[in-house]
Amino acid sequence: MSRTIAQKIIAAHLLSGDMTPGSEIGLRIDQTLTQDATGTMAYLALENIGIPRVKTEKSIAYIDHNTLQCGFENADDHRYIQSVARKYGVYFSRPGNGICHQTHLERFGKPGKTLIGSDSHTPTAGGLGMLAMGAGGMDVAVAMGGGAYYITMPKMYKVNLTGTLKPWVTAKDISLEILRILSVKGGVGAIVEWGGEGIRQLSVPERATITNMGAELGATSSIFPSDEVTHAFLKAQGRAQDYVPLSSDPDAQYDKVIDIDLSTLEPLAACPHSPDNVKKAAELGRIAVSQVCIGSCTNSSLRDMLRVAAMLKGKKIADTVSLSISPGTRQVLTMLADCGALSDLIAAGARILECACGPCIGMGFSPASGGVSVRTFNRNFEGRSGTRDAQVYLASPETAAASALTGFITDPRTLGEYPAITLPDTFLVDDSGVLPPAGKEEAEGLSVERGPNIKPFPKGEPLPDQMTLPVSLKVGDNITTDHIMPAGAKVLPYRSNIPKMAEFCFGVCDEQFPSRALQLGRSCVIGGANYGQGSSREHAALAPLHLGVRAVITKSFARIHVANLINAGILPLTFENPADYDDLQQGDTLTLKNIHAQLPAGRLTATTGSGKTIALVYPLSERQIAILKAGGLLNYTKEVAQ
């Protein structure tokens, strides 16, 4: 039977279900990763499950999000994660060692393996030929405990790249082009495989830029073949033994095929406030820029940094611009220093930040009021930068550096000859920033350290058979997890404290929502299409749970968020007739009866306070129904284990 790359990996890891698109499958997971913004909840869940030792081939806890320490909270979380990792068999990547996705790409990712991470950009490792997926922290905890990871069997998309990129046009522009073609919801329910002759010119870090931004398509994952380019990258990292060739069968079948001629592409930019609001940089006009940020898990490789350094060497950034540089890993930073490129960046006026997510997650370096910021990041959602009225554009490192030099959004092709760079044959290998766990015998005597900000994992209640729910909030299309549970320096320190974090829930949409929801007791939220796109943060489900939200009813959901709602014990439903969305307003009530009997059919009937009947649908597997009835994945896992 002919298969795609992803289908081959799925078949080799299939624990339950069949590979019919739309059916639920359970996968064996080889590797997991967490980061500190979501890791605390994942490890609190792991402790609750009661497994003494992780059962994956390798699990790694990265500290890269909450590194701006304005109080004790973040430092306490880091200490907690380090102690729980040491006890439970998880490797610990120290603060400053690097951004999880770039570090994992360099040091731990393996072609043909499965990886889930408590971060939506985990598909970055697809640039190495891994089947890598973002997931909620509870799902990661179950996988660490040896359980299967469940997804809906995806459709298969293929993007064929032909031709050759012109100077100044990059992998980031390829990412933005596919977003222009498909939109932020065009990849929902699919795995995107990249192929064609054009991929041979793309290095692994460039491929990883593309698979990283596949998360913005809503795709389950994105993946490249494991080929001679992959082999060269692993060899340069001292990991040639991890290489295995992997490609799709010549007659593999795809649900959709997209052709992109690389020679036709130009430098692109995503305009505020969505990654798919893509325009040609040359057509944007003379837009003054006050800030430029280069780095993040999308564009922080040594290749990206050397190119920017070559562009800035001997020059000064515009007087009106503040430029930040965030190298992706300690390896990248050290090699920049060793070759002199770091000095070129500093001399040009750049501010060097630590090897962390930083501005991408709203953790420092927020723009000025109404400021225009050009960023090499993956998301430009409203308010994500930490400044609500900022205008954030996404672009390649080349376009960002050109804009820093001129003070205006600039097509880098206007700068003349494309500067050449030389990448080393071997990379600096120093894994001393990754601490191994304790051995089994030593681990038994270790305790886990908890600060006062670390609260117990929130527990859901079993799903009632009947609920009358007032509508506590109604929102529109493309509501992101940044809308539901904002990031940033003010909120992120409370990631291990759901009661406190819930005070910020939906603050971007309605600052009165938390108090109103608590006053109502149980309630439901009404949303539009693609509800919950963006981050994998399960806080966007746990905070509403704490506030009494028992159902979310939308036109459609993003993949990871609907899984997080089910894991939290919150009923996810969609309108059978989308026009019914228009008839419901905040303050209305919906009554659901005989819920348990209706769930297996995936169709529930709700009655409004005025007596109107509304059909609500959502296909649920037997396992998902059992999770909802139990009051969430944590309760369900404990029941199954008994």
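Here are the numbers:
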{"quantity": "So Ser535, is it buried (at least 23 other Cβ atoms within 10 Å of the Cβ), in contact with a strand residue (DSSP E or B) (Cβ under 9 Å, 6 or more places away or on another chain) and among the hydroxyl-bearing types (Ser, Thr, Tyr)", "calculated": "yes"}
{"quantity": "Only one of Glu283, Glu228 that is farther than 30 Å from Glu193 by Cβ and modelled with pLDDT of 95 or more", "calculated": "Glu283"}
{"quantity": "Odd one out for Met156 among (1) closer than 14 Å to Leu33 by Cα; (2) surrounded by fewer than 24 Cβ atoms within 10 Å (Cβ to Cβ)", "calculated": "(1)"}
{"quantity": "Any chance Thr406 is modelled with pLDDT under 95 and over 30 Å from the mean Cα position of the chain (by Cα)", "calculated": "no"}
{"quantity": "Scope region 515-549; condition within 15 Å of the chain's Cα centre (by Cα) and of a type in the set (A, V, I, L, M); matching residues", "calculated": "Ala540"}
{"quantity": "Candidates Ile178, Ile199, Ile210, Ile174 - the one that is without any contact (Cβ under 8 Å) to a residue 40 or more places away in the chain, of a type in the set (Val, Ile, Thr), within 27 Å of Ala269 (Cβ to Cβ) and part of a helix (DSSP H, G or I)", "calculated": "Ile199"}
{"quantity": "Number of positions in region 93-125 that are outside any helix (DSSP H, G or I) and within 26 Å of Ile325 (Cβ to Cβ)", "calculated": "13"}
{"quantity": "Candidate set from region 363-380 (those that are within 26 Å of the chain's Cα centre (by Cα) and on the phi > 0 side of the Ramachandran plot); member that is surrounded by the fewest Cβ atoms within 10 Å (Cβ to Cβ)", "calculated": "Gly364"}
{"quantity": "Checklist (1) outside any helix (DSSP H, G or I); (2) touching a strand residue (DSSP E or B) at 6+ places or on another chain (Cβ under 9 Å); (3) among the basic types (Lys, Arg); (4) surrounded by fewer than 22 Cβ atoms within 10 Å (Cβ to Cβ) applied to Lys8, failing item", "calculated": "(1)"}
{"quantity": "Hits in region 268-310 - residues which are assigned to a strand (DSSP E or B) and surrounded by fewer than 24 Cβ atoms within 10 Å (Cβ to Cβ)", "calculated": "Val278, Lys279, Lys280, Ala288"}
{"quantity": "Every pair of residues 6+ apart whose Cβ atoms lie under 9 Å, when the first sits in region 413-424 and is in the same structural domain as Ala310 (by TED's automatic domain parsing) and surrounded by fewer than 16 Cβ atoms within 10 Å (Cβ to Cβ) while the second is assigned to a helix (DSSP H, G or I) and at pLDDT below 95", "calculated": "none"}
{"quantity": "Selection count where residues are assigned to a loop (DSSP other than H, G, I, E, B) and surrounded by 22 or more Cβ atoms within 10 Å (Cβ to Cβ), scope region 322-352", "calculated": "4"}
{"quantity": "Flag if Phe381 is of a type outside the set (Asp, Glu), at pLDDT 95 or above, assigned to a loop (DSSP other than H, G, I, E, B) and in contact with a Ser or Thr (Cβ under 9 Å, 6 or more places away or on another chain)", "calculated": "no"}
{"quantity": "Those residues of region 29-81 which are buried (at least 17 other Cβ atoms within 10 Å of the Cβ) and basic (Lys, Arg), in sequence order", "calculated": "Lys58"}
{"quantity": "Residue within region 565-572 that is within 24 Å of the chain's Cα centre (by Cα), part of a strand (DSSP E or B) and not basic (Lys, Arg) present", "calculated": "yes"}
{"quantity": "Selection status of Cys360, buried (at least 24 other Cβ atoms within 10 Å of the Cβ), assigned to a loop (DSSP other than H, G, I, E, B), touching a residue at least 60 places away in the same chain (Cβ under 8 Å) and not small (Gly, Ala, Ser)", "calculated": "no"}
{"quantity": "Test: Gly137 is over 30 Å from Pro52 (Cα atoms) and not aromatic (Phe, Trp, Tyr)", "calculated": "no"}
{"quantity": "Residues located in region 389-429, provided they are aliphatic (A, V, I, L, M), out of contact with any Phe, Trp or Tyr (no Cβ under 7 Å at 6 or more places or on another chain) and not in a helix (DSSP H, G or I)", "calculated": "Ala390, Val392, Ala395, Ala420, Ile421, Leu423, Leu428, Val429"}
{"quantity": "Where a residue in region 19-33 is farther than 19 Å from Ala219 by Cα and assigned by TED's automatic domain parsing to the domain that holds Ala219 and its partner, wherever it lies, is at pLDDT below 95 and part of a loop (DSSP other than H, G, I, E, B), with Cβ under 6 Å and at least six apart", "calculated": "none"}
{"quantity": "Total residues in region 213-251, condition in a helix (DSSP H, G or I) and farther than 17 Å from Thr170 by Cβ", "calculated": "13"}
{"quantity": "Test result for Lys58, at pLDDT 95 or above, out of contact with any helix residue (DSSP H, G or I) (no Cβ under 9 Å at 6 or more places or on another chain) and assigned by TED's automatic domain parsing to the domain that holds Val244", "calculated": "yes"}
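Here is a yes/no grid of residues against (1) in a loop (DSSP other than H, G, I, E, B); (2) closer than 23 Å to Ser385 by Cβ:
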| site | (1), (2) |
| --- | --- |
| Glu461 | yes, no |
| Leu469 | no, no |
| Leu473 | no, no |
| Gly476 | yes, yes |
| Asp482 | no, yes |
| Gly488 | yes, yes |
| Met501 | no, yes |
| Phe506 | yes, yes |
| Glu511 | yes, yes |
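The values are calculated or read from the model by the stated rules, or taken from the named source; none is laboratory data. Note that the structure is a prediction, hence the values are computed from the model and not measured. Because the Cβ atoms are built from the backbone with ideal geometry, glycine has one as well, and the counts that use them run over all protein chains shown.
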